[in-house]
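Written out below as structure tokens is the structure these notes cover.
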Amino acid sequence: AFRALEAMYAGLVADTGCDDLLITSGYRTVADQQGIWDRNLAQSGEDYTRSYVAIPGYREHHTGLACDLSFYTDAGATIPLVDHEYGSWIWENCSDYGFILRYPSDKVDITGFDHEPWHFRYVGKEQAALIKESGLCLEEYLAQE
């Protein structure tokens, strides 16, 4: 997955000249996820936490196949993909490198998570192309098999 992410980064740089892509989160231990769960629960309540934070032990970040992406500035600030001029490049091209946008906005009722335009899952080039072409989310795609 990391080699594929490196290739996607190289493709972004080649196509746009932008080299400001940032992995904001990659592999997480269950303990890391528990800390994220506890902080969100205390700060934002149960409804928000259940919509955006996976129960510890059930997060894709535990697999090493998921990552959260953003861009950064020279001053060290992060810029969400939705606010960056090349964020759409990531969404449009991620499947060429084996990634899918894991939680699309039109699949919230199926995935059980609110839209996360920053969260990508490595599934391999062939599956990513099939998922993109079908318009399905991962749950729907896996249910077909």
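The values are calculated or read from the model by the stated rules, or taken from the named source; none is laboratory data. Values in this document were obtained by computation on a predicted structure and should not be read as measured data. Methodologically, a virtual Cβ is constructed for each residue, glycine included, from the backbone with ideal geometry; neighbour enumeration extends over all protein chains shown. These accessible areas exclude ligands, DNA and RNA; they are computed on the full protein's heavy atoms, side chains included. Shrake-Rupley method; radii C 1.70, N 1.55, O 1.52, S 1.80 Å.
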In whole Å, largest first, the alpha carbons of segment 26-76 cover along the principal axes 35, 25, 17
Heavy-atom accessible area of segment 73-145 with neighbours in place, 1.4 angstrom probe: carbon+sulfur share in percent works out to 50
Computed, not fitted: 222 nm per-residue ellipticity of the chain from DSSP H runs ≥ 4 (each -39500 (n - 2.57)), nearest 500, equal to -14000 deg cm²/dmol
Restricting to Cα pairs under 8 Å and 6 or more apart, the percent relative contact order of the chain works out to 22
For segment 77-145 the mean separation of alpha carbon contacts under 8 Å (6+ apart) over residue count, i.e. relative contact order in percent, is 30
The whole-number value in µm²/s of the Stokes-Einstein translational diffusion coefficient for segment 4-94, with Rh from the Kirkwood sum over alpha carbon pairs at 20 °C and 1.002 mPa s, is 146
GNM of the chain, Cα pairs under 10 angstrom: of 129, 66, 31, the biggest fluctuation goes to 31
Lys and Arg at +1, Asp and Glu at -1: neighbours of residue 108 with Cβ under 11 Å from its Cβ sum to -3
The simple spin-label model distance between residue 29 and residue 55, using points 7 Å out along Cα→Cβ, in nm, is 2.2
Heavy-atom accessible area per residue of segment 36-117, all protein chains kept, 1.4 Å probe, expressed in Å², is 52
